[in-house]
Amino acid sequence: MKKIGITGQAGFIGTHLYNFFGLKKDEVTRIPFSDEYFTNVETLEQFVSQCDVIIHLAALNRHHDPQNIYETNILLIKKLISALEKTGSRPHVLFASSIQEERDNLFGKSKREGRELLAGWAEKNKALFTGLVIPNVFGPFGRPYYNSVIATFCHQLTHNEVPKIEIDASLRLIYIGELIDIIWKVIHDAYASNEYRIEHTEEKKVSELLEIIKLYKSTYFDNGIFPELKNAFGINLFNTFRCYMDISNYYPVKLNKKTDERGSFVETIKANIGGQFSFSTTKPGITRGNHFHTRKIERFAVISGKARIQLRQIGTNKIISFNLDGNEPAYVDMPVWFTHNITNTGKDNLVTLFWTNEFFNPDDPDTFFEEV
């Protein structure tokens, strides 16, 4: 059982890591961290003394005053080292540096020099250190106008804003889930390296990314049709896009019900990809679900009976509820990292049609149980 702490726990990468470690309850104990710890020597010392592994993410990024970025980032590392030395702690320290090290700017300089400072501490104290040099990271819940251009484009196109390309650079990209898998392997294998350059998994120009995300908007956001997703990058980018939608106001989406003397006909799903269709009947008062997925794309379509669908983003307390009625068939799609359930709120059996983009695999179900 490893005790793992994350400085910068509330940030984009930190939040995903913290949630991921929550899935490893048999292997990991999470040591909570708050940014205020850096302003209290005793609290910071108590934090480091509890950890077997520390992942240092806390830093200012490129959207602040360059000199303040440099001074703050170096100061945070010096405070961390001071706490480690004062308590005699020797955890495995992982440091999140950036490919910005390659550029002549103060943010990159702070990352490069910070990595060298921690490597020096590790060598002096015979401790494990891994200096991660990370490419551009994208994924759900990144802050628009702050974490990545992908976050910004996804937010803009789902909030009636017009994206603008400042510089049509070529970006080396890695999905947050791919990065976390690498970090977990580094921890699990106790891998040490002063300069571990993480390979990007995709490279795209900014203009290419914008065209793909525009396609997701026109196909899915505007018309409810699942786009063609040819590879893992496409699925990861689409799941990222979906998480910027204002789901409280977007769902449920009413389906077109055509009725004549023969009965009714409803088109429930249009998709340019395959997957698995299934349906369930649910007795009155019964709830199904209370689980979440980290990669699956999933649609619930209520076609008979009455239902309440609830969602809650992992790590938050806000519950989003939708009431659906089979007399007006409608659907709700489940974003990744949102635990969800469906309850029969009527007096008759509830009939729900489910679709997911991948076949169910009992050895890798991507299903994690947590009450909404």
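The values are calculated or read from the model by the stated rules, or taken from the named source; none is laboratory data. Bear in mind the structure is a predicted one, so any value in this text is a computation, not a measurement. Heads up, the Cβs are rebuilt from the backbone with ideal geometry, glycines too, and the neighbour counts pull from every protein chain shown.
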Could you check, for the stretch 40-52, whether at least one of its residues is touching a strand residue (DSSP E or B) at 6+ places or on another chain (Cβ under 9 Å) and in a loop (DSSP other than H, G, I, E, B)?
-> yes
What about THR282, is it at pLDDT 95 or above and not acidic (Asp, Glu)?
-> yes
In the stretch 329-372, which residue that is in a strand (DSSP E or B) and in contact with a His (Cβ under 7 Å, 6 or more places away or on another chain) is surrounded by the most Cβ atoms within 10 Å (Cβ to Cβ)?
-> MET334
When you look at HIS155, is it part of a helix (DSSP H, G or I) and either more than 15 Å from the chain's Cα centre (by Cα) or at pLDDT 95 or above (or both), yes or no?
-> yes
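Pick out the one residue from VAL162, VAL133 that is closer than 25 Å to VAL48 by Cβ and among the β-branched types (Val, Ile, Thr).
VAL133
Would you mind finding the one in ILE77, ILE55, ILE69 that is touching a helix residue (DSSP H, G or I) at 6+ places or on another chain (Cβ under 9 Å), in a helix (DSSP H, G or I) and modelled with pLDDT of 95 or more?
Exactly one of ILE77, ILE55, ILE69 is touching a helix residue (DSSP H, G or I) at 6+ places or on another chain (Cβ under 9 Å), in a helix (DSSP H, G or I) and modelled with pLDDT of 95 or more, namely ILE77.
Sort through ASN290, ASN239 and tell me the only one that's surrounded by 14 or more Cβ atoms within 10 Å (Cβ to Cβ) and more than 30 Å from ILE212 (Cβ to Cβ).
Values: ASN239 fails: more than 30 Å from ILE212 (Cβ to Cβ).
Within the list ASN290, ASN239, the selection yields ASN290.
Scan the stretch 124-178 residue by residue and report those that are polar (S, T, N, Q) and within 20 Å of ILE99 (Cβ to Cβ). Steps first, answer last, please.
Here is the first cut: in the stretch 124-178, the ones polar (S, T, N, Q) are 125, 130, 136, 147-148, 152, 156, 158, 160, 170.
Residues satisfying the conditions are THR130, ASN136, ASN147, SER148, THR152, SER170.
Would it be correct to say that HIS291 is touching an Asp or Glu at 6+ places or on another chain (Cβ under 8 Å) and either modelled with pLDDT of 95 or more or not basic (Lys, Arg) (or both)?
On the way: touching an Asp or Glu at 6+ places or on another chain (Cβ under 8 Å): yes; either modelled with pLDDT of 95 or more or not basic (Lys, Arg) (or both): yes.
Spelling it out, HIS291 is indeed touching an Asp or Glu at 6+ places or on another chain (Cβ under 8 Å) and either modelled with pLDDT of 95 or more or not basic (Lys, Arg) (or both).
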Aromatic (Phe, Trp, Tyr) and either modelled with pLDDT of 95 or more or within 29 Å of VAL53 (Cβ to Cβ) (or both): does that describe PHE221?
-> yes
Taking the stretch 91-109 and the residues there that are outside any helix (DSSP H, G or I) and buried (at least 17 other Cβ atoms within 10 Å of the Cβ), the one that is farthest from the chain's Cα centre (by Cα) would be PRO91
Given the conditions (1) part of a loop (DSSP other than H, G, I, E, B); (2) surrounded by 22 or more Cβ atoms within 10 Å (Cβ to Cβ); (3) in contact with a Leu (Cβ under 8 Å, 6 or more places away or on another chain), which single one is not true for GLY142?
-> (3)
If SER110 passes every condition in (1) in contact with a helix residue (DSSP H, G or I) (Cβ under 6 Å, 6 or more places away or on another chain); (2) under 25 Å from LEU209 (Cα atoms); (3) polar (S, T, N, Q) but one, which one does it miss?
-> (2)
Please name all residue pairs, on different chains or six or more residues apart, with Cβ atoms under 8 Å, provided the first residue is in the stretch 115-132 and is among the β-branched types (Val, Ile, Thr) and the second residue is assigned to a loop (DSSP other than H, G, I, E, B).
-> THR130/TYR191; THR130/ALA192
Evaluate the following for GLU211: is it outside the structural domain of GLU102 (by TED's automatic domain parsing) and either assigned to a loop (DSSP other than H, G, I, E, B) or within 23 Å of ILE13 (Cβ to Cβ) (or both)?
-> no
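So that you can scan it fast, the table gives a plain yes or no per residue for (1) more than 19 Å from the chain's Cα centre (by Cα); (2) of a type in the set (Asp, Glu); (3) loosely packed, with under 14 Cβ neighbours inside 10 Å:
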site	(1), (2), (3)
HIS16	no, no, no
GLY22	no, no, no
GLU27	yes, yes, yes
PHE38	yes, no, no
THR43	yes, no, no
GLN46	yes, no, no
SER49	yes, no, no
LEU60	yes, no, no
LEU75	yes, no, yes
If the Cβ limit is 6 Å and pairs must be 6+ apart or interchain, which residue in the stretch 328-354 that is in the same structural domain as ASN317 (by TED's automatic domain parsing) pairs with which residue that is outside any strand (DSSP E or B) and among the acidic types (Asp, Glu)?
-> THR339/GLU370
For ILE273: the one exception among (1) in contact with a Ser or Thr (Cβ under 9 Å, 6 or more places away or on another chain); (2) in contact (Cβ under 8 Å) with a residue 60 or more places away in the chain | (1)
Conditions: (1) part of a helix (DSSP H, G or I); (2) within 25 Å of THR29 (Cα to Cα); (3) in contact (Cβ under 8 Å) with a residue 40 or more places away in the chain. HIS188 meets all but one. Number of the miss?
-> (3)
